[in-house]
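Report on one structure; see the data block that follows.
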Amino acid sequence: MTRTRHPVASTPTTTSTTPEPAARAGGRVIERVAERSRAIVDPAAEVIARGAPRAAVFVGLGANLGDARATIAAAIDELRELALADASTGMSSFVASSLWRSAPVDAAGPDFLNAVARFETALSPHDLLDALQAIEQRFGRERPYRNAPRTLDLDLLLFGVADNDGGVRHIDDRLELPHPRAAQRAFVLEPLAELWPDGEIPGAGRLADLLARARLDVAQRVELVAS
Ligand code: ADP
Ligand code: MG
């Protein structure tokens, strides 16, 4: 895999150029979320280094095969490592949401466990997708048919997030940003709103409004997993 600097990293609207606010923001979120989700969130998750421009991203995690809880926890560790891997000259914060349980939507099998992670990366969107798919493979992900049950699903939800702005819009054969189903899925919106309550998904609207709508959908049963 060729790792390239992401093309939007140097534009001030898509990445944090001032280390301190991002570090403080990450710290606040970690404290708040950690209280409710010690099982998967460790304050040591915050990773800070200095230097290269990086993009803030949100990644959605889902699992409904095998020991889904252990898988999500281990995958969060892998994402934290990924954020660290290109942080040697960069600045990164890492935070994970609580763990949520959801009924399958357009998918088969038992209930899913879900979470969302936010971190910063110097990878391009496509290189980050490669890295996410490599992690899925390490957890035994198979794609026998569309929407099949999965040991681990990692979706790149948003790329180049800055404050309340959900970052870049992009579409090609391999990658769509924002993730095409993020704005409708309660299992994405609930953990995303924990980390980013005032956020706005480009082309879809304010997270609070999207979440209010998704909560009205009785087919989407989503509940916080007690820690
Ligand atoms: P699901 O849509 O249920 O998550 P998969 O995980 O099998 O299904 O992904 C199918 C394809 O979706 C992937 O091969 C990938 O190329 C494509 N894709 C498009 N946009 C994204 C994105 N933002 N995040 C992850 N995968 C994406
Ligand atoms: Mg996926």
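Each value in this text was obtained by applying a stated rule to the coordinates, not by laboratory testing. What you see is a predicted model, and the numbers here were worked out from it, not measured in a lab. Using ideal geometry, Cβ is built from the backbone for each residue, glycine included, and neighbour counts are taken over all protein chains shown.
Quick notes on this one:
- By other beta-carbon atoms within 10 Å, ranking Asp165, Asp172 with the fewest at the front produces Asp172, Asp165.
- Taken along the Cα-to-beta-carbon direction at a fixed 7 Å, the label points for Ala219 and Asp198 span 3.5 nm.
- Take the Cα of Arg181, go 7 Å toward its beta carbon, and the backbone nitrogen atoms of the stretch 204-227 under 14 Å from that spot belong to 220-221.
- As a proxy for reagent exposure, ranking Leu192, Leu152, Leu129, Leu216 by other Cβ atoms within 10 Å from fewest up yields Leu216, Leu129, Leu152, Leu192.
- Rg followed by Dmax, in Å, when the stretch 106-159 is reduced to its Cα trace: 12.4, 36
- Exposure proxy order (Cβ contacts within 10 Å, fewest to most) of Phe112, Phe139, Phe159: Phe139, Phe112, Phe159
- Formal net charge of residues neighbouring Glu200 (Cβ-Cβ distance under 10 Å; K, R +1; D, E -1): -3
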